[in-house]
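Engineer: The structure is given below, and queries will be raised subsequently.
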Amino acid sequence: MFESLLFWEVLAFIIFVAVLFKPARENILGLLDKRIVTIRNEIKEAEKLREQAQTTLASFQRDQRDVAEKAQKMMAHAKEEAVRLQEKGLKDLDAALERRQHMAEESIRQAELEAVREIRARAVELAIASAAKVLSENIDDAKANALIERAVADLPAKLH
């Protein structure tokens, strides 16, 4: 067994690897330790970023809920305001219609009074014309003068 070349080659290789392995092992372990530290730092950083992202997401969700609630309140207020304005508009319209109705009634009453005055004036004119016609046909100058004198005499008593 010790005479075999293969044995010595394998033994030399094992010794060579053992001799090289010790310094290389420290370098490899140092590199692995550095890599482990780097990976741990990256994991910690990733966890911090995840926590920040969750905090930011929660903040955005809270803000979204607040905005949705505010929008609902604004919509409710707008609906209430619209109903109030509609009711006010109806009241104002009713008041305006009532004012116009009163104005129309007053105009009609004024027109009726004017018509009655015109009818009375026309009736007086017709009565005077008829009386003048009757008097001119039935009364002579002597009777007319007597009536005028009696009317003038009664005038002071009727004025006081």
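All of the numbers you see were taken from the coordinates with simple rules; none came from a lab. What you are looking at is a predicted structure, and each value in this text was computed from that prediction instead of being measured. Cβ sites come from the backbone with ideal geometry, for glycine too, and all protein chains shown count toward neighbours.
Engineer: With unit charges on the beta carbons (Lys and Arg positive, Asp and Glu negative) and the dipole taken about the Cα centre of the chain, which residue among Ser136, Val17, Thr55 sits farthest to the positive side?
Structural biologist: Farthest towards the positive end: Val17.
Engineer: Here's another thing I want to ask about it. Sum up the charges of everything whose Cβ sits under 14 Å from the Cβ of Thr56, counting Lys and Arg as +1 and Asp and Glu as -1, but leave Thr56 out.
Structural biologist: Charge balance near Thr56 sits at +1.
Engineer: Please give the length that would be gained between Arg99 and Arg50 if that part of the chain were fully extended, namely 0.36 nm times their separation in residues minus their C-alpha to C-alpha distance (nm, one decimal).
Structural biologist: 10.5 nm
Engineer: Could you pull out every one of the lysines with an alpha carbon less than 25 Å from that of Lys158, ignoring same-chain neighbours closer than 8 positions?
Structural biologist: Result set, ordered by chain and number: Lys143.
Engineer: Return one number: the angle in degrees, 0 to 90 and rounded to the nearest 10, between the long axis of the Cα atoms of helix 141-159 and the longest principal axis of the Cα atoms of the chain.
Structural biologist: Taking Cα atoms only, the helix is inclined about 50 degrees.
Engineer: Moving to a separate point now. Dipole magnitude of the chain about its Cα centre, charges +1 at Lys/Arg Cβ and -1 at Asp/Glu Cβ only, in debye to the nearest 20?
Structural biologist: 680 debye
Engineer: Still on this structure, I have one more. Starting from the Cα of Arg25, step 7 Å along the direction of its Cβ; do the same at Leu147; then give the gap between the two resulting points in nm.
Structural biologist: Taking the two extended label points, one gets 16.4 nm.
Engineer: As an exercise, use a Förster radius of 41 Å and the Cβ-Cβ distance of Leu135 and Ser107 to find the FRET efficiency, rounded to the nearest 0.05.
Structural biologist: 0.50
Engineer: Among the lysines, which fall within straight-line cross-link reach of Lys44, defined as a Cα-Cα distance under 16 Å, with same-chain neighbours fewer than 8 residues apart omitted?
Structural biologist: Here the lysines satisfying the reach criterion relative to Lys44 are Lys34.
Engineer: Return one number: the angle in degrees, 0 to 90 and rounded to the nearest 10, between the long axis of the Cα atoms of helix 5-138 and the longest principal axis of the Cα atoms of the chain.
Structural biologist: Value to nearest ten degrees: 0.
Engineer: Turning to a different aspect of this structure: Note down the Stokes-Einstein diffusion coefficient of region 101-160 in µm²/s, whole number, using a Kirkwood radius over alpha carbon pairs, 20 °C, and 1.002 mPa s.
Structural biologist: Value of D from the Cα-based Kirkwood radius: 145 µm²/s.
Engineer: Let me ask another. Kindly provide the helix-only [θ] at 222 nm of the chain, computed as the sum of -39,500 (n - 2.57) over DSSP H runs of four or more divided by all residues, to the nearest 500 deg cm²/dmol?
Structural biologist: Theoretical 222 nm ellipticity from helices: -36500 deg cm²/dmol.
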